[in-house]
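Here the structure comes first, spelled out in structure tokens, and everything after it is commentary.
Read-outs throughout are calculated quantities, based only on the coordinates presented, and are distinct from any laboratory measurement. Note that the structure is predicted; figures quoted are calculated from it, not measured. Cβ: placed from backbone, ideal geometry, glycine included. Neighbour counts: every protein chain shown.
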Amino acid sequence: MKIHVIFTILVLMVAQVKAQQEVSTTVIKLKDLITHAADVYPNEEPQQIYLLVEVGTSGIDTDNRFFLEQGVQLLLKRLQPEDKIAIGTYGASNGTVLAYTEASNALQVMKELYTLYTTDTQDQEKDGIDIAYQFAKGYYVEGSENKVIMLRNDQVEANVVATASIKEKKNKKTREEHQEAGKSYKLGGAIAITALSILPEILEVIKD
């Protein structure tokens, strides 16, 4: 009975520790990082921040590079010197490029940030989001605000929409070309037969 009680207490203690080790999440757009840094920081509570940057197949465009660099620089200035920041990526590139580094070491943080533009760390088999949270939990600091800030890249979404639009235009053009030629056009497993191609048969039926 005594062993059972001790075991129950241990289970409850472990559950309580896990509950306390919550990693919070903030999701913003890359272009809003500057505003976020100005509005939220400085913060009285010690900070343990993982910046998770969304990267497209073409990397990070010039405009978003500006927002990212200026936002990180402002964030470093507004954090307490002992606060820590890590940087990782998700999307076309997945991984951690900077382990937790004190805000006072701004030069090192910015140096590693620039590697996002030059280092090919693409790995489609990995999940950058999962990597970020596992990393944050692995370096969880009791008494600090442990959080992941996801920085969404508008350019990634724009490229997806543009690609879909181009494909739709190509499909439409192909359908129109086949219709003008009076040929059947297969789309998604279905045969689309133009009215022009069966017109002679319709006329023969009417005559009969």
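As a ratio to 2.2 N^0.38 Å, the alpha-carbon radius of gyration for the stretch 51-141 is 1.05. Each peptide in 136-144, 87-95 gets a packing score, the mean of other Cβ atoms within 10 Å over its residues, and the list from highest to lowest is 87-95, 136-144. Here the alpha carbons of the stretch 57-99 define both size measures, Rg and Dmax, at 12.2, 35 Å.
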